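A.B. asks: Below is the structure I would like to discuss, written out as structure tokens.
Every number in this text was worked out from the coordinates using simple rules, so none of it is lab data. Since the structure is predicted, the reported quantities are computational estimates derived from the model, not experimental observations. Here the Cβ is made from the backbone with ideal geometry for all residues, glycine too, and neighbour counts use every protein chain on show.
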Amino acid sequence: MHNHGIKWLLVIKTHMNMADRALCADQDRWAYQLRWTVSRTGFGARHYRDPRFDLVRELEEVGRAFTA
């Protein structure tokens, strides 16, 4: 690909990234304030995760170990 074409692709990618972050900025900020993890999964798509569910999973596993 020509150098000119590579530069245009970089410009487009940069603007898409900026638009993606702007689109989800409020939700991301809210999730970070709640101390959730945020994974970008595509343009305008996020996976938000509350780490407290790790504790629930661990407690369930401990409970199964003691009842078995």
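A.B. asks: Fewest to most neighbouring Cβ within 10 Å: what's the order for 36, 30?
C.D. replies: 30, 36
A.B. asks: Here's another thing I want to ask about it. Hey, what angle do you get for helix 52-67 against the long axis of the chain, alpha-carbon based, 0 to 90 degrees rounded to 10?
C.D. replies: For helix 52-67, the angle is close to 30 degrees.
A.B. asks: So, counting K/R as plus one and D/E as minus one, what does the shell of residues with Cβ under 15 Å around residue 57 add up to?
C.D. replies: Cβ neighbours under 15 Å give a net charge of -2.
A.B. asks: Next question. How would you rank 54, 20, going from fewest to most other Cβ atoms within 10 Å of each one's own Cβ?
C.D. replies: Ordered from fewest to most neighbouring Cβ atoms within 10 Å, 54, 20 come out as 54, 20.
A.B. asks: Provide the convex hull volume over Cα atoms per residue for the chain, in Å³.
C.D. replies: In the chain, the Cα hull volume divided by residue count equals 113 Å³.
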